[in-house]
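K.L.:
Before anything else, here's the structure in question.
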Amino acid sequence: MKVAIMQPYFFPYIGYFQLIQSVDLFIVYDNIKYTKKGWINRNRMLQNGNDVMFSLPLKNDSDSLDVCKRELAADFNRDKLLNQIKGTYRRAPYFAQTFPLVERIVRHADANLFGFLHHSLVQTCEHLGIATEIKVSSSIAIDHDLKNQDKVLALCEAVGADTYLNAIGGLELYSRDEFKESGIDLKFIKSRPFEYTQFDHPFVPWLSIIDVMMFNAPGVIRECIESHHELI
């Protein structure tokens, strides 16, 4: 069984979904430390030809808390975020097909950050036709005090993985030999550039999946997710 494990992100880039599509089981971390200035609660979209950040505002709390202990800000203005996205993409060719998904996700009532992100991930995968099983890390019986590679190995062993697939950014983080000793084949997924028309502006790569869905037909996105990458 092929397994991937990642922390949750808010409307991540297409490579995240290529990773999910490439495995039999995707484990999403809920009991992992929130990373300030990371991609957990923010991402990038196109605005007037440039990439701009959009984000989920969080309740003031300790940055040492796990993602599952963080909450959205009580004054999170969902209409403001939706209007920002609508204003940017309302003329995009697939706005009508994509915006209802975005609106359903942004208006989700869960104030817990992980609950909100998990719902977003599940809904987006369903929209993209990705049927990979998704499990929450804390639901798997391991020693959750383990860190880094040790935790990944424990999760893989607990679910019976024979292959662990990671994003290419983790190439220096893991030892193929140590995975092999546990009977697990370690592989990395490398996304190939996927360029498309973004109105009349020069192409800006690796934006949120929102951008991809606004400008591309479902079949084109599906083909990119399924084959526009390589395993190393």
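The values are calculated or read from the model by the stated rules, or taken from the named source; none is laboratory data. The structure presented is a predicted model; accordingly, all values stated were derived computationally and were not measured. Neighbour counts are summed over all protein chains in view; Cβ atoms, including those assigned to glycine, are modelled from backbone coordinates with ideal geometry. Surface areas here come from the heavy atoms of the whole protein model, side chains and all, with no ligands, DNA or RNA. Shrake-Rupley method; radii C 1.70, N 1.55, O 1.52, S 1.80 Å.
K.L.:
Let a ≥ b ≥ c be the square roots of the eigenvalues of the Cα gyration tensor of the chain; is it rounded (a/c under 1.5), or, if not, prolate (a/b larger than b/c) or oblate?
P.N.:
oblate
K.L.:
A follow-up question, please. Mind listing which GluC sites (Glu not before Pro) in region 133-219 are in a DSSP loop and have 12 or fewer other Cβ atoms within 10 Å?
P.N.:
Glu172, Glu195
K.L.:
Taking all protein chains in place and a 1.4 Å probe, what share, in percent, of the accessible surface of region 2-231 do carbon and sulfur account for?
P.N.:
Percent of accessible area from carbon and sulfur atoms in region 2-231: 47.
K.L.:
Sequence neighbours fewer than 8 away in the same chain don't count; with that in mind, list the lysines whose C-alpha is under 23 Å from Lys2.
P.N.:
Those lysines meeting the cut-off are Lys135, Lys147, Lys151, Lys180, Lys187, Lys190.
K.L.:
Is region 1-123 best put as rounded, prolate or oblate by its Cα gyration tensor, with a ≥ b ≥ c the root eigenvalues, rounded for a/c under 1.5, and otherwise prolate when a/b is larger than b/c, oblate when not?
P.N.:
Values: a/c = 1.80, a/b = 1.17, b/c = 1.53.
Oblate shape, in that a/c is at least 1.5 and b/c is the bigger or equal ratio.
K.L.:
Leaving out ligands and nucleic acids, and using a 1.4 Å probe, what accessible area per residue does region 1-153 come to in Å²?
P.N.:
Per-residue accessible area for region 1-153 comes out at 47 Å².
K.L.:
Considering the zone a paramagnetic label at Glu157 would reach in this model (a point 7 Å from Cα along the Cα-to-Cβ line), which residues of region 168-201 have amide N under 17 Å from it?
P.N.:
Once the point is set 7 Å along Cα→Cβ of Glu157, 175-186 turn out to lie under 17 Å by backbone N, inside region 168-201.
K.L.:
Label region 61-176 by shape, choosing from rounded, prolate and oblate, from the square roots a ≥ b ≥ c of the eigenvalues of the Cα gyration tensor; if a/c is under 1.5 it is rounded, and otherwise prolate applies when a/b is larger than b/c, oblate when it is not.
P.N.:
prolate
K.L.:
In Å², what does the accessible area per residue of region 167-206 work out to with a 1.4 Å probe? Could you put the intermediate results ahead of the total?
P.N.:
Details: 2710 Å² over 40 residues.
Heavy-atom accessible area per residue stands at 68 Å².
K.L.:
If you look at just the Cα atoms of region 138-214, how large are its Rg and its Dmax in Å?
P.N.:
Just the Cα atoms of region 138-214 yield Rg and Dmax of 17.5, 52 Å.
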